[in-house]
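Inspection log for the structure reproduced underneath, given as structure tokens.
Throughout, read-outs are computed from the coordinates displayed, never taken from laboratory work. All of these numbers come straight from a predicted model, not from anything done at the bench. For neighbour counting, all protein chains shown are included, and Cβ atoms are generated from backbone atoms with ideal geometry for every residue, glycine included.
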Amino acid sequence: MFEVTPIPAFRDNYIWLLHCQGHAVVVDPGDAAPVLAELRVRNLMLDAILVTHHHDDHTGGIPELLKKYPAEVYAPSRETYDFPHHAVGEGDIVGLTTLDTRLCVMETPGHTLGHVVYYGANSLFCGDTLFGCGCGRLFEGTCSQLYHSLQRLAELPPETRVYCAHEYTQHNIRFARMIDPDNTALAHRETEVAACRAQAKPSLPSTIALERATNPFLRCETPSIQSVAKSADPETAFCAVRTLRNSY
Ligand SMILES: [Zn+2]
């Protein structure tokens, strides 16, 4: 089984490094330099690059990495890229043979229209669709699309580890506490994440179970979220919470 290591990049991105016995795969390398440094230190061969969506902070390092390593790139079929890649969409399987792993592609439109996530080996690499205690902003898709994308992720096995692409958890928790103040699991998470961040450790990965218990965007069927959102319809409540969060 592969190990997963976060490579911090820019202000708050994580480039996830999957590695096993000298071989590596990275997810969303927005910057090449920290990835090259980590590969060198760990003496790893980069075999593949997984892309969740087209934003520069997820793809900017790819041309440079391809100059140094003959890696296969997998990127969403509904988006365009100017580097060579395998276009992947809903239901496709990405075989990472050197890690002895297969990941399944799910399309999760919302943050961007073509956004995909990679799921397998009890792990979810979800880019900017799902965050610790939050979700991505709507840059291209509709609120309804993002709602349904997140509902699908919520149905993955509870023990699934959730590898998000940004360290936004603490700020997201502050917002969540405001609209879900009586949630004891959320209060507990706030304490745990504060301790983690005080030591400059990542708050991630989380799990689907933890997100279902604490993430307001996955809790739109609960009375507390619905009363803040002023709607008993989960999808309408979701859109109201997404709008509130935009100005938080
Ligand atoms: Zn993005």
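Structural remarks
- Pairwise label distance in nanometres, Cys196 with Thr184, each label 7 Å out on the Cα-Cβ vector: 2.1 nm
- Rotationally averaged projected area of the range 116-227 (alpha carbon convex hull; nm²): 6.9 nm²
- Normalised size of the range 1-152, defined as Cα radius of gyration per 2.2 N^0.38 Å with N residues, equals 0.97.
- Two-decimal ratio, the range 121-163, of alpha-carbon radius of gyration to 2.2 N^0.38 Å: 1.16
- Counted without the sites themselves, the longest stretch of the chain free of trypsin sites (Lys or Arg not before Pro) in a DSSP loop having at most 14 other beta carbon atoms within 10 Å is 12-136.
- Unpartnered cysteines - no second Cys beta carbon under 4.7 Å - across the chain: Cys20, Cys104, Cys126, Cys133, Cys135, Cys164, Cys196, Cys220
- Relative contact order for the range 63-107, counting Cα pairs under 8 Å that sit 6 or more residues apart, in percent: 27 percent
- Sites Asp233 and Ala37 - FRET efficiency at Förster radius 45 Å, r taken between beta-carbons, to 0.05: 0.40
- Estimated FRET transfer efficiency when R0 is 22 angstrom, pair Ile93-Arg152 (beta carbons, to 0.05): 0.80
- Charge context of Gly95, other residues only, Cβ under 13 angstrom, K/R +1, D/E -1: -3
- Efficiency of FRET between Phe83 and Arg212 - r from beta-carbon atoms, R0 30 angstrom, step 0.05: 0.25
- Gap separating the Cα centres of the range 1-38 and the range 197-233, nearest whole Å: 26 Å
- Put in line by how crowded their Cβ is, counting other Cβ atoms within 10 Å and starting with the fewest, Val117, Val41 read Val41, Val117.
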